[in-house]
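Derivation of every value follows stated rules applied to the coordinates shown; laboratory data play no part. Worth saying up front: this structure is predicted, and the values here are computed from it rather than measured. With ideal geometry, Cβ positions are generated from the backbone for all residues, glycine too; neighbour counts draw on all protein chains shown.
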Amino acid sequence: MARSGSDNFATFTQTGTPGLDSPAGTMLNVNDNAWHHYVAVWDGIAGTRQLYVDGTLDPGVNLTGDYGPSSNIASFEYLVLGGRDLGGLGSYTPCLLHDVRIYRMALSQSEILALLPASPAPKLASRNAGASGLRIAWPIASFGYRLQTSASVAGAWSDAGLTIAVEGNERAAYAPVAASAQFFRLVK
């Protein structure tokens, strides 16, 4: 896992060469001087590779049919965290690592969310964004939360299905204006 080439998105490099084996993430500019929680899930038998950033699956690094089934790693290959493939040794992303864990099984999203450090629930802010609908936002420093919606406060909650993007120092989603009441919440 590293910063992708010279851009500011994360990647989960399989073989260490540029191209399809080093897909750039699309979700979050990781060059923001903030701590981020990364989980890389690779199933070498099924051939899947996924990268979760702050508990959310990055759609840019969600690959299937990816280099599987795998064979044993050669003696000259290494597992590297924070390395950048720029053609030589010593090319590392300047970063700090805290609490590195390696599991011998693929984790589900709920298991990944359970690994996130505890953080206070963020406050949602909302405003009318005109033709874009209702803008729902929360601080970017809050991670691992999913946006849910319901027709009533006590009703059944489900995934909001809205695109979440980083805008300045916030994560934001835009909900189309509906004829019926809509309620939103963040959950881990």
- Return the total of residues in the range 101-116 being of a type in the set (S, T, N, Q) and free of Cβ contacts under 8 Å to residues at least 40 places away in the same chain. 2
- Given the conditions (1) at negative phi; (2) of a type in the set (Gly, Ala, Ser); (3) in contact with a Phe, Trp or Tyr (Cβ under 8 Å, 6 or more places away or on another chain), which single one is not true for Gly133? (1)
- Message: Checking the condition touching a residue at least 40 places away in the same chain (Cβ under 8 Å) and buried (at least 16 other Cβ atoms within 10 Å of the Cβ), which residue from Leu124, Leu147, Leu134 passes?
- Response: Leu134
